[in-house]
Every structure is written in structure tokens, then in C-alpha cells.
1. With r defined as the distance between the Cβ atoms of Glu35 and Leu65 and R0 fixed at 22 Å, what FRET efficiency is calculated, to the nearest 0.05?
2. More than 14 Å apart: what percent of Cα pairs in region 15-60 qualify?
3. Once you have the Cα-Cα distance between Cys20 and Leu50, take 0.36 nm times their residue separation minus that, and quote the gain in nm to one decimal.
4. Can you list residues whose amide H is under 5 Å from Ala23's amide H, if they're 5+ apart or on another chain and H is modeled 1.01 Å from N?
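Just so you know, all these numbers are worked out from the coordinates, no wet-lab data involved. If you're wondering where the values come from, they're calculated on a predicted model, not measured in any experiment. FYI the Cβ positions are ideal-geometry reconstructions off the backbone, even for glycines, and counts take in every protein chain you see.
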Amino acid sequence: MSIPPATDGLPLQSAQCPLCGGANACGMVRSGGAEEPCWCEQETFSPALLARLPEARRGRACVCLRCVKSQ
């Protein structure tokens, strides 16, 4: 399951993982938009991991690879 992008037109909030606060290496944050695809588009996120995300951060900040791999 992938994280659906925010559709309300608001920008991504952070280059920090919403779970651990570490750097998430988000390609969209680095490029300032959708010009650079993000590594997370190729990952699978478990429903349990997605449930841990604060509602306000869903679709706005990538979970870091460390948190994805520890799910």
C-alpha cells in the first residue's frame, strides 16, 4: 500500500520523517515539487505503519526508509 498524495494543494510540510523526525530524503521536497520522483513511490507501506502517521502529516511527508524497513 502506498501513501496517497495530499490533494488539497497545500505544500509538503517537511523533509523530516513524521514518525522518527529523521531525514526522509524526499525527492519532492528536494526539488520543490513533483519534478523529482521520490524513493517512496517504489516502497510498500503496511496498514499498521500508515495508522501510526499523524492525520495532518498523511500525504505530506515521507516516512524515512529506516522506519519503512522496520515496519
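1. Taking R0 as 22 Å, the efficiency between Glu35 and Leu65 is 0.60.
2. Distances greater than 14 Å cover 55 percent of the Cα pairs.
3. Values: separation 30, 0.36 × 30 = 10.80 nm, distance 1.35 nm.
Value of the extension gain: 9.5 nm.
4. For Ala23, the qualifying residues are Cys17.
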